[in-house]
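Structure first, then comments.
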Amino acid sequence: MEPRVLIAIGGNALIREGQRGTIAEQFENARATAAQIAALVSDGWRVVVTHGNGPQVGFIIWRSELVGEDVPVPRLSLDMAVADSEGGLGYILDNSLVNALGRRGLVDRAACLLTQTVVDAHDPAFQRPSKPIGPAFSAEEAALHRDRDGWAMVEEAGRGFRRVVPSPRPLRIVETAAVRALIEAGLVVIAGGGGGIPVVEEEPGVYRGVEAVIDKDLVSALLAADLGIPLLLLSTGVERVAVQFRKPGQRFLDRMTVAEARHYLAAGEFPEGSMGPKIRAAIEFLERGGQRVIVTSPQHLRQACLGETGTHIVPA
């Protein structure tokens, strides 16, 4: 059987540090990543791609907020904003992959699938919104959104007030069977964009969108495990994971076991706003039967899959 990998691309990989995030910039960055993935496919790998949407869904929410009350354009719900980002980023990645594969003689071999992720309507996260999204507001604007829209708002030092939304745990992906069918047909599949559109199951097979944002890495780990893919690659801003990051004792890790990963997490080596969510997703994937997780940068995807770089996390 051909080697298989699920590659999770961070939303910030499409908008790099110092960039405004124009569509042209996002296409340029996507093409660089697509070239790496196309090389893997040419080597015989079967690939599923997921992606983040952090900056992009913020843009979508911001655009919605910039529309004045006197303009007859309705504001977007959060599940619709996630869906919009899935479609837009899916197009950028799909077009980039189709072209990169086509240049290697693999014509029309990518597909983007709109993906819904089921969460528990009673998840405690709905009572404790914690994920900041969108622009910063003044105190007066924040009060308006609290009263008019029922938003939860938190103050960020030096920035103003931002909306926070629930980030419930993913339970399953509605379109898993469709992703599996596309993989078996020999396509590179883009799915789980931005963690997927958050939905709750009201009765068997009946779903309703909810206001939430789901962690992309947890969804990637869940989808890879459900598909029986043995390798999960989490792309980030660094080639390898480090302990004592940016401190005098900084040390890069080539390999790490689940026990070591848990130890470093408990010691505070992987902060919540940085590497922590990726390491927890890696642990969950391996505990669900995955064989290996690699953390590396988008520029080193192929090298990492070949074992030449990246931090490799294994069960033991």
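Worth a mention:
- The Cβ shell under 10 Å around PRO230 holds other residues with a net charge of +2, Lys and Arg each +1, Asp and Glu each -1.
- Exposed loop sites are taken as trypsin sites (Lys or Arg not before Pro) in a DSSP loop (any state but H, G, I, E or B) with at most 16 other beta carbon atoms within 10 Å; the longest stretch of the chain without one runs 160-245.
- Residue separation of GLU155 and ALA143 scaled by 0.36 nm, minus their Cα-Cα distance, works out to 3.2 nm of gained length.
- Per-residue ³J(HN,Hα) for segment 215-224, Karplus 6.51 cos²θ - 1.76 cosθ + 1.60, θ = phi - 60°, Hz, x for Gly and Pro: 4, 5, 6, 5, 5, 4, 4, 5, 5, 4
- Alpha-carbon Rg with Dmax, taken over the chain, Å: 19.5, 60
- Maximal additional length on extending the ASP226-VAL206 stretch stands at 5.1 nm, based on 0.36 nm per residue less the C-alpha distance.
- Once C-alpha pairs closer than 8 Å and six or more residues apart are averaged by separation and normalised to the residue number of the chain, the relative contact order reads 21 percent.
- Loop-resident GluC sites (Glu not before Pro) (DSSP state other than H, G, I, E or B) in segment 1-95 with no more than 10 further Cβ atoms inside 10 Å of their Cβ: GLU17, GLU69.
- Restricting segment 175-278 to GluC sites (Glu not before Pro) that sit in a DSSP loop and have at most 14 other Cβ atoms within 10 Å of their own Cβ leaves GLU272.
- Spatial offset of segment 247-316 relative to segment 128-185 amounts to 26 Å, using the alpha carbon center of each.
Where a number appears in this text, it was derived from the coordinates with a stated rule and is not lab data. The model shown is predicted, which means the values in this text are computed figures rather than measured ones. Neighbour counts are summed over all protein chains in view; Cβ atoms, including those assigned to glycine, are modelled from backbone coordinates with ideal geometry.
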